[in-house]
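First up is the structure itself, then whatever we jot down about it.
Readers should treat all values here as calculations from the given coordinates under stated rules, not as data from a laboratory. Because the structure is a prediction, the values reported are computed rather than measured. Neighbour counts are summed over all protein chains in view; Cβ atoms, including those assigned to glycine, are modelled from backbone coordinates with ideal geometry.
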């Protein structure tokens with residue numbers, strides 16, 4: 001009987017988890033704060049959990065009670081994305097206003 005599981009044996013192909021960013025404890029605290037604000041918009045914590053894709057009421061309780069170690073980076077990133085928290089690097093764009101401000105600040 002053939003094995004139904006397939007494994008990625010190509011080292012050139014990134015793993016699925018590589019697109020998820022590792023979060024520091026400070027970032028997790030910020031996600032926790034954003035999540036608590038999000039939960040506050042609902043009548044119950046269960047209602048908030050039901051509105052979040054892939055997030056259970058128990059997961060919200062773990063975050064609320066600072067039991068962070070049992071949650072994966074994938075879960076942290078999933079929650080952060082859904083509650084509007086962004087922890088990536090800023091990308092600047094050379095707009096006219098940005099260039100003007102950069103010139104003015106360099107002369108200051």
For 105, 85, which order do you get if you count the other beta carbons within 10 Å of each Cβ and list the fewest first? 105, 85
Once the principal axes of the Cα atoms of the stretch 68-108 are found, what is the range along each, listed largest first in whole angstroms? 50, 17, 12
Over the stretch 21-108, what number does the Rg to Rh ratio reach, with both radii from the alpha-carbon atoms and Rh per Kirkwood? 1.19
Simple spin-label model, 7 Å along Cα-to-Cβ: residue 58 to residue 100 in nm? 5.6 nm
